[in-house]
Amino acid sequence: MLFQRNEQRLLVHTPAKLNLYLEIIGRRDDGFHELETFMVSVDLYDTLRFQVPRDHNDLSLTVCSQVPGDIPADERNLVLKAAELLRERAGCAAGAEIALLKRIPVQAGLGGGSSDAAAALVGLNDVWALGLSRRELHELAAELGSDVNFFLEQTRAAVCRGRGELVQPVKPGPQLHFVVSHPGFGLSTADVFRACSISDCPSNIEEFTRGFLRGHTSLHNRLSAAAVSLEPGLGELAEAFVGPNGMTGSGSAWFEVAKSRRTAVRRANLVRSRFPLGITFAASMNI
Ligand code: C5P
């Protein structure tokens, strides 16, 4: 996350993520899945602006979006859920005017909504001067969604376990570059998890992490077969990729590892010309 502040306003730029590895370990009694995933943060950002009004205690959200799809500006939005939760737990009555600029495609597996929620927790903890600790913010993050803790940690790479909320930052490896493509339709996370079949012999994240730190990238995502079965159009998009490639999270975005930023930009132009209805861009791991 990047922060810019002046006396009255705080701007938070909060990143997207890619899952380079995702394995399902089992189904849990609470309806969620136990997983192991390796996530990296990339340089595509949503921006949130926080301002505390002087004359009222209301919470308001306005959304300006550069991506297709409906983004609610009411209590369905995780930003307002985060703000309400923070107010309730901290016993705070202050108001906030929040403006959200969306650049991260939605229902894409890029973690945009979770990243916004993490930014809301950090930003409002600051502008309301609540002084909640990192641990307390992590507890709230876990209630909001499985990926929110990763963004709260503000790390460039991490192994995440449990529902995804147990985050273990990984020491810096090589900076990777990607071509990322959203096919123009989203996928419901719950539907993809439901359609996924769990392997009898799950693959091993330790092996993946060791390879990553040595510069090898053999991507793995247990959810991708389920996503393609729900949306066969995703299989067509995947065929446009030539290098190591895979799906992020529960989809629908697909990505390829490129040798350099320059190659990523060139490849993104090619994929975009083949799939003009989607959103395709080059992205690099944050350093
Ligand atoms: O936690 P989040 O809101 O991102 O999860 C959305 C849905 O995805 C959950 O309601 C659940 O159906 C599914 N999910 C799951 N196991 C996880 C994470 C998400 O089954 N570890």
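The values are calculated or read from the model by the stated rules, or taken from the named source; none is laboratory data. Owing to the predicted nature of the structure, the values given are computational and were not obtained by experimental measurement. Here the Cβ positions follow ideal geometry from the backbone for every residue, glycine too, while neighbour counts run over all protein chains shown.
Quick check, is F208 away from the ligand (no atom under 16 Å from the Cβ), of a type in the set (F, W, Y) and over 18 Å from A16 (Cβ atoms)?
yes
Across segment 45-69, what is the total count of residues that are without any contact (Cβ under 8 Å) to a residue 24 or more places away in the chain and either of a type in the set (D, E) or surrounded by 15 or more Cβ atoms within 10 Å (Cβ to Cβ) (or both)?
Filtering segment 45-69 down to residues without any contact (Cβ under 8 Å) to a residue 24 or more places away in the chain leaves 54-55.
When the remaining residues are screened for being either of a type in the set (D, E) or surrounded by 15 or more Cβ atoms within 10 Å (Cβ to Cβ) (or both), the result is 55.
Result for segment 45-69: 1.
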Inspect all residues belonging to segment 72-84 and state whether any of them is crowded, with 21+ Cβ neighbours inside 10 Å, among the small types (G, A, S), in contact with a strand residue (DSSP E or B) (Cβ under 6 Å, 6 or more places away or on another chain) and free of Cβ contacts under 8 Å to residues at least 60 places away in the same chain.
yes
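For segment 157-188, enumerate the residues that are part of a loop (DSSP other than H, G, I, E, B), farther than 13 Å from F212 by Cα and more than 16 Å from the ligand (Cβ to nearest atom).
P183, G184, F185
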Quick test of your reading of the structure: S133 fulfils all but one of (1) modelled with pLDDT of 95 or more; (2) exposed (fewer than 15 other Cβ atoms within 10 Å of the Cβ); (3) under 16 Å from the mean Cα position of the chain (by Cα). Name the failing condition by number.
(3)
From the option list L152, L144, single residue qualifying as touching a residue at least 24 places away in the same chain (Cβ under 8 Å), within 11 Å of the ligand (Cβ to nearest atom) and either touching a Cys at 6+ places or on another chain (Cβ under 7 Å) or of a type in the set (A, V, I, L, M, F, W, C) (or both) is L144
Out of (1) within 21 Å of A282 (Cα to Cα); (2) more than 16 Å from the ligand (Cβ to nearest atom); (3) surrounded by 21 or more Cβ atoms within 10 Å (Cβ to Cβ), what's the single condition that is false for T217?
(3)
Of (1) farther than 30 Å from A129 by Cβ; (2) within 16 Å of the ligand (Cβ to nearest atom); (3) in contact with a Ser or Thr (Cβ under 9 Å, 6 or more places away or on another chain), L20 fails just (2)
Six or more apart or on different chains, Cβ under 6 Å: which pairs go from a residue in segment 256-267 that's among the small types (G, A, S) and surrounded by 23 or more Cβ atoms within 10 Å (Cβ to Cβ) to one that's part of a helix (DSSP H, G or I) and at pLDDT below 95? Could you list them?
none
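Only strands (runs of 3 or more DSSP E) wholly contained in segment 1-116 count here; list those with 1 or more residues that are among the basic types (K, R). Step through it out loud before you land on a result.
Numbers: elements: 2-5, 9-27, 33-51, 59-65, 96-102.
Strands (runs of 3 or more DSSP E) meeting the threshold: 2-5, 9-27, 33-51, 96-102.
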Whichever residue in segment 171-188 is over 20 Å from F281 (Cα atoms) and either among the small types (G, A, S) or at pLDDT 95 or above (or both) and, among such residues, is surrounded by the most Cβ atoms within 10 Å (Cβ to Cβ)
G173
Checking V106 against (1) in contact with a Leu (Cβ under 9 Å, 6 or more places away or on another chain); (2) buried (at least 16 other Cβ atoms within 10 Å of the Cβ), which single condition isn't satisfied?
(1)
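Take segment 136-156 and flag every residue that is in a loop (DSSP other than H, G, I, E, B) and either surrounded by 19 or more Cβ atoms within 10 Å (Cβ to Cβ) or among the basic types (K, R) (or both).
Of segment 136-156, the ones in a loop (DSSP other than H, G, I, E, B) are 145-147, 154-156.
Hits for segment 136-156 are G145, S146, D147, R156.
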